[in-house]
2 protein chains.
Amino acid sequence: MKIVHTVEDVRKAVQAWKADGKTIGLVPTMGYLHEGHKSLIDKAVSENDHVVVSVFVNPIQFAPTEDLESYPRDLEQDAKLCEAAGASLIFNPEPSDMYSPTFSSFIDMSTLTKGLCGKTRPIHFRGVCTVVGKLFNIVEPNKAYFGQKDAQQLAVIKHMVEDLNFNLEIVSCPIVREADGLAKSSRNTYLSADERKAALVLSQSLALAEKMISDGETDTSKLKEAMTAFIEKEPLAKIDYVEFVDWKTLEPVSEIDRPILNAIAVYIGKTRLIDNHIYE
Amino acid sequence: MKIVHTVEDVRKAVQAWKADGKTIGLVPTMGYLHEGHKSLIDKAVSENDHVVVSVFVNPIQFAPTEDLESYPRDLEQDAKLCEAAGASLIFNPEPSDMYSPTFSSFIDMSTLTKGLCGKTRPIHFRGVCTVVGKLFNIVEPNKAYFGQKDAQQLAVIKHMVEDLNFNLEIVSCPIVREADGLAKSSRNTYLSADERKAALVLSQSLALAEKMISDGETDTSKLKEAMTAFIEKEPLAKIDYVEFVDWKTLEPVSEIDRPILNAIAVYIGKTRLIDNHIYE
């Protein structure tokens, strides 16, 4: 496995593979890889001749108030995980190589990005779309892999690919959880021991809604009420949002009568965590 | 030569060529092709195994007040010109095939698009970048050809390709003019006989500046003054802008001391015409 830092070096590797008729899978990440990322890489390795893992903490998807500087990084550990999983290449660019001083072109979306995480993170998805579009153009993969953990991101990227005719397939992979239910996230590393326990309210509130729905509840206002009450019992938790939205348009729904995304964002102490469940 | 109307059919043709190791040139147009377009196609044919000409009057680059409906169209004539020039394929999509009812993803630029034509056409370049990005993703050409006539568009597309890492080369081609100097344009067809004569103020005012510069003038305010006075002598002409800008950043300059774009937009009657001269 190679680690390269420039667009030029990725292109060289990709060009050689394409000349041999090989297929390429791309797994875009911000590094500090965990079992969730590993499941994406495993899936990509099983479906492609070569897998490129990009490891890049993308500055333009962070607001000035957010955790760009403190976001955890460990390229050495990431490289071990990627190599063991069978990836062919890590692309780990410098921010200055991705964004020149005159950089000013953005991919943006007028739907799907305004609600859920977009409400508190208004520039986030513009940054995500732009960097993912760049990575698609740099790697030119046959397939790209995204986790369902970032459900809004997954919907946004699928929509972008459709709208802008990127010539590749988006593959989504299920959420990977700790034994007690907490969704794996690089940001879990921010949690103290008490916060780690409190963070269970995310998966548990989703499970509560799942139970109510399987018992016949279809009114999303009642479901939200129950989830909200459950989360608010935890003193370390502060709700950002609890939402039921159409899984294609991400517009809020009042009834469980179509494919639905139940998405939540909750601050545990200072750490903002997200989780979700999709009703197909 | 084939004429196809769907993204799927373009992809089929392109895939077959790529499998044979052939190179592809793309000439994006809005149709009603003239000698200017032909010079782009000729250049593309001379540099690639296959040439795709897209013929698409792109609705999202027109404001509601502009000439989307009346923009001239003649696919039969366009096909004759393309076939004679040696193109392999015309891509002539339906607007509904390019923009689904839920379309909402745009490529936009925070520099280069605000001045010159962007001043009176604020959504124009967002529409241009978006459709050109889509065409790049659909055709995946090795090279794409743009006329220097639309100088701001050329600068914007070059910048977009650099920023977003599109894997292709942009080739620019010089302005093609009528015998009397008028730059070829599909919109020239709107001009009455009197307006056709009056339209000469565009190329003549550029020539006036060229003469002054070759005589040693470097002060752009004096050059603009002379050009403005010259154009204003023509009763049918109404200036939109007369500008001297840096040919890379498109920022206004006060001295001719670097590569400069002298760009103008002038209404002749109701028809808005543009022309320019580049000092390399």
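Here are some notes:
- The set of residues in region B:80-121 that are under 13 Å from B:GLN152 (Cα atoms), of a type outside the set (Lys, Arg) and more than 8 Å from chain A (Cβ to nearest Cβ) comprises B:THR113, B:GLY115, B:LEU116, B:CYS117, B:GLY118.
- Pairs where the first residue, in region A:155-183, is in a strand (DSSP E or B) and the second is modelled with pLDDT under 95 and crowded, with 18+ Cβ neighbours inside 10 Å, C-beta under 8 Å, 6+ apart: none
- The residues listed here are A:ALA144, A:ALA179, A:ALA151; of these, the one that is within 20 Å of A:ASP246 (Cβ to Cβ) and either surrounded by 24 or more Cβ atoms within 10 Å (Cβ to Cβ) or not assigned by the TED database to the domain that holds A:ALA44 (or both) is A:ALA151.
- Test result for B:LYS22, within 17 Å of B:ALA144 (Cα to Cα), in a helix (DSSP H, G or I) and in contact (Cβ under 8 Å) with a residue 12 or more places away in the chain: no
- Any hit, region A:157-167, residues being crowded, with 19+ Cβ neighbours inside 10 Å, touching a helix residue (DSSP H, G or I) at 6+ places or on another chain (Cβ under 9 Å), more than 24 Å from A:GLU47 (Cα to Cα) and more than 14 Å from chain B (Cβ to nearest Cβ): no
Matching residues to (1) closer than 28 Å to B:GLU66 by Cβ; (2) β-branched (Val, Ile, Thr):
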site: B:LYS224; (1), (2): yes, no
site: B:MET227; (1), (2): yes, no
site: B:ALA237; (1), (2): yes, no
site: B:PHE244; (1), (2): yes, no
site: B:GLY269; (1), (2): yes, no
site: B:ILE274; (1), (2): yes, yes
site: B:GLU280; (1), (2): no, no
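- The residue that is nearest to the chain's Cα centre (by Cα), among those in region A:254-280 that are in a loop (DSSP other than H, G, I, E, B) and either acidic (Asp, Glu) or closer than 12 Å to A:ALA207 by Cα (or both), is A:GLU280.
- Any hit, region A:170-179, residues being at pLDDT below 95 and under 20 Å from A:PHE125 (Cβ atoms): no
- Qualifying residues in region A:181-216 (those that are touching a Leu at 6+ places or on another chain (Cβ under 7 Å) and among the hydroxyl-bearing types (Ser, Thr, Tyr)) - the one nearest to A:THR29 (Cα to Cα): A:SER185
- Restricting attention to region A:41-69, the residues being without any contact (Cβ under 8 Å) to a residue 60 or more places away in the chain, within 17 Å of A:GLU94 (Cα to Cα) and small (Gly, Ala, Ser) number 0.
- For A:GLY21, the criteria (1) surrounded by 15 or more Cβ atoms within 10 Å (Cβ to Cβ); (2) within 14 Å of another protein chain (Cβ to nearest Cβ) hold in every case but one, which is (1).
- Counting only residues that are in a loop (DSSP other than H, G, I, E, B) and polar (S, T, N, Q), region B:34-74 holds 4 of them.
- A:GLY115 being surrounded by 16 or more Cβ atoms within 10 Å (Cβ to Cβ) and either outside the structural domain of A:GLN15 (by the TED database) or touching a residue at least 60 places away in the same chain (Cβ under 8 Å) (or both): yes
- Region A:40-70, residues that are crowded, with 19+ Cβ neighbours inside 10 Å and of a type in the set (Gly, Ala, Ser): A:ALA44, A:SER54
- When B:LEU208, B:LEU223, B:LEU202 are checked against the criterion of being part of a helix (DSSP H, G or I), more than 14 Å from chain A (Cβ to nearest Cβ), surrounded by fewer than 19 Cβ atoms within 10 Å (Cβ to Cβ) and at pLDDT 95 or above, B:LEU208 stands alone in meeting it.
- Conditions (1) within 20 Å of the chain's Cα centre (by Cα); (2) surrounded by fewer than 20 Cβ atoms within 10 Å (Cβ to Cβ); (3) not assigned by the TED database to the domain that holds A:LYS43; number of the one not met by A:VAL242: (2)
- A:ILE90 vs. criteria in contact (Cβ under 8 Å) with a residue 12 or more places away in the chain and crowded, with 19+ Cβ neighbours inside 10 Å: yes
- The listed residues are A:LYS119, A:LYS149, A:LYS114, A:LYS197, and the only one of them that is farther than 28 Å from A:HIS50 by Cβ, part of a loop (DSSP other than H, G, I, E, B) and basic (Lys, Arg) turns out to be A:LYS114.
- On the stretch given as region A:39-50, residues that are touching a helix residue (DSSP H, G or I) at 6+ places or on another chain (Cβ under 9 Å) and among the charged types (D, E, K, R) total 2.
Rundown of residues vs (1) assigned by the TED database to the domain that holds A:ARG11; (2) over 30 Å from B:THR249 (Cα atoms); (3) in contact with a helix residue (DSSP H, G or I) (Cβ under 6 Å, 6 or more places away or on another chain), yes/no style:
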| site | (1), (2), (3) |
| --- | --- |
| A:THR29 | yes, yes, yes |
| A:HIS37 | yes, yes, no |
| A:VAL52 | yes, yes, yes |
| A:PRO72 | yes, yes, yes |
| A:LYS119 | yes, yes, no |
| A:CYS129 | yes, no, yes |
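- Residue match in region B:133-143 (condition: among the charged types (D, E, K, R) and over 26 Å from B:ILE278 (Cα atoms)): yes
- Test result for B:SER105, free of Cβ contacts under 8 Å to residues at least 12 places away in the same chain and either over 27 Å from B:ASN188 (Cα atoms) or within 19 Å of the chain's Cα centre (by Cα) (or both): no
- One residue stands out among those in region B:95-125 that are of a type in the set (Gly, Ala, Ser) and out of contact with any Ser or Thr (no Cβ under 7 Å at 6 or more places or on another chain): the one that is farthest from A:GLU162 (Cα to Cα), which is B:GLY115.
The values are calculated or read from the model by the stated rules, or taken from the named source; none is laboratory data. On a predicted model such as this, the values are computed, not experimentally measured, just so you know. Positions of Cβ are backbone-derived with ideal geometry, glycine not excepted, and every protein chain shown enters the neighbour counts.
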